[in-house]
Amino acid sequence: MSNILPQGLATLVNYPEISLELFQHTVSTLPLLRIFSVFLSAAVSSFWILIAHSIAKSLSTAVKSRRSLCNITSVDLRITAIIPTSFPELKLLRLTISKLLSSKNVEEVIVVDNSPTPRPYTELISMQPRYPKFIYIKLFSIPTGHCPKPYACYIGYAVSKGRILLFTDDDTLIEASSAETLACTALRKNALASPVPRFACTSTMCRMLETVITTLVHGLVGLDKAVRGKYPWFYGCCWAIPRSLYENLGTHKQVLGTIVEDAMLARIALAKNIKIVFIQGLEVSTYWHNSLKNCVEALLRNLIPFIDKKTLLTLFSLLLVAYASPLILEVLGYLSRDLCICLAGLFLYVAASYAHVHATRLNNYRAYYLLTHVVGGTVLFVTLLLSTPRTRFVTWRGRAIETTKRYCKCVSP
């Protein structure tokens, strides 16, 4: 048997027409391949079962909206909604503004335009006569060393009057009732309150990728770990906090120089013993990136400030193995005509699919998207592995972001 592989390599070169037949014969005569396949299937399946358990534990940490114990009618909320915007989808933003202003508990909605274009959005200016509680602010420049979003949030806070501050992105749609529940929970629990949003998509690629991302976020750095402070974070696309608590946190003034301001605020909250509360079941949808390129840039922009590139490459490699293994085993099983290897790949595929069930339910995707994880995960992590070593700049909202080890900064206005 020790001569099989050298003979096989020689035959592959000299007689390519029989190379496939020889490969089938070779791998079928190697019992080690079958042992390896079963071991790989068992090891990676165990990983996916642990991920599924972690996701269930993560989601059990979130307060159910019907159990948030907020009697909104008996609470003086006086909400100020602050929306930093840059190159917004105007229809979505206008819809969000109108929904928020339909609530009697919303005292004002402040949109701070930090886009690098010099002209203000006339579509937003035209809304002001119809909505007296709507305030539009155009920032014509960003101070050196400050990042646009945290600076816009800080400007919005500086002119606000509300008792509770609701920060939401311009690509996030929130119903008025959900905004009230979020604000009320933040007030009653004296905490930073964040919803568990639905990640909406308008393309098949986006849904495939987001199924993978949602699964890994809850499986690896879940809500339970955020609440305990092991990995402090919250959903920066939408969150509420009492004004006095926000000022105790230090406001966005503490994070003016960072791209990932929400994660930095979460770390400050942990240091100051400020609670983070997650609420599940609210009608909050945030739109994720439809293209693979934008998705990869968004992930790198959020990961590089906290994890060095060598560690990222190791992590991406391991996750690529986890996602590509079912496909690899099925191909090996088919070529070797080995039923045992095929069954090992099938078992692994079922285990991985089970781990992705929660993501499709959370995001309200069709059930068959949980079966696309092999393709979505493989494509995502191959692209990340190819992009990470040579990534020095990523693009975000029309601005170039320089990425180095544990650091991101804006390098264009």
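The values are calculated or read from the model by the stated rules, or taken from the named source; none is laboratory data. Quick caveat, the model's predicted, so the values are computed rather than measured. For neighbour counting, all protein chains shown are included, and Cβ atoms are generated from backbone atoms with ideal geometry for every residue, glycine included.
Do we have any residue at all in region 88-103 that's touching a strand residue (DSSP E or B) at 6+ places or on another chain (Cβ under 9 Å), at pLDDT below 85 and not hydroxyl-bearing (Ser, Thr, Tyr)? Scanning region 88-103, I find at least one residue that is touching a strand residue (DSSP E or B) at 6+ places or on another chain (Cβ under 9 Å), at pLDDT below 85 and not hydroxyl-bearing (Ser, Thr, Tyr), so the answer is yes.
Checking each residue in region 364-412 for being at pLDDT 75 or above and of a type in the set (Lys, Arg) picks out only 366. Within region 121-137, the set of residues being surrounded by fewer than 18 Cβ atoms within 10 Å (Cβ to Cβ), of a type outside the set (A, V, I, L, M) and either at pLDDT below 90 or farther than 23 Å from residue 243 by Cα (or both) comprises 122, 123, 126, 128, 129, 130, 131. The criterion of being farther than 29 Å from residue 264 by Cα and modelled with pLDDT under 95 does not hold for residue 78. Counting the residues of region 346-364 that are buried (at least 22 other Cβ atoms within 10 Å of the Cβ) and either touching a Lys or Arg at 6+ places or on another chain (Cβ under 7 Å) or part of a helix (DSSP H, G or I) (or both) gives 5.
State whether one or more residues within region 293-308 are over 30 Å from residue 170 (Cβ atoms) and either surrounded by fewer than 18 Cβ atoms within 10 Å (Cβ to Cβ) or touching a Lys or Arg at 6+ places or on another chain (Cβ under 8 Å) (or both).
Of all residues in region 293-308, those over 30 Å from residue 170 (Cβ atoms) come to 308.
In the following step, the residues that additionally are either surrounded by fewer than 18 Cβ atoms within 10 Å (Cβ to Cβ) or touching a Lys or Arg at 6+ places or on another chain (Cβ under 8 Å) (or both) were identified as 308.
Among the residues of region 293-308, at least one is over 30 Å from residue 170 (Cβ atoms) and either surrounded by fewer than 18 Cβ atoms within 10 Å (Cβ to Cβ) or touching a Lys or Arg at 6+ places or on another chain (Cβ under 8 Å) (or both), which makes the answer yes.
Exactly one residue out of 182, 100 is touching a helix residue (DSSP H, G or I) at 6+ places or on another chain (Cβ under 8 Å), part of a helix (DSSP H, G or I) and buried (at least 21 other Cβ atoms within 10 Å of the Cβ), and it is 100.
Rundown of residues vs (1) closer than 18 Å to residue 81 by Cα; (2) within 19 Å of the chain's Cα centre (by Cα), yes/no style:
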position: 237; (1), (2): yes, yes
position: 256; (1), (2): no, no
position: 263; (1), (2): no, yes
position: 266; (1), (2): no, yes
position: 270; (1), (2): no, no
position: 274; (1), (2): no, no
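Among the residues of region 111-135, those identified as touching a Phe, Trp or Tyr at 6+ places or on another chain (Cβ under 8 Å) and assigned to a strand (DSSP E or B) are 111, 113. Of the residues making up region 268-282, one or more are in contact (Cβ under 8 Å) with a residue 40 or more places away in the chain, buried (at least 21 other Cβ atoms within 10 Å of the Cβ), touching a Ser or Thr at 6+ places or on another chain (Cβ under 6 Å) and closer than 30 Å to residue 44 by Cβ.
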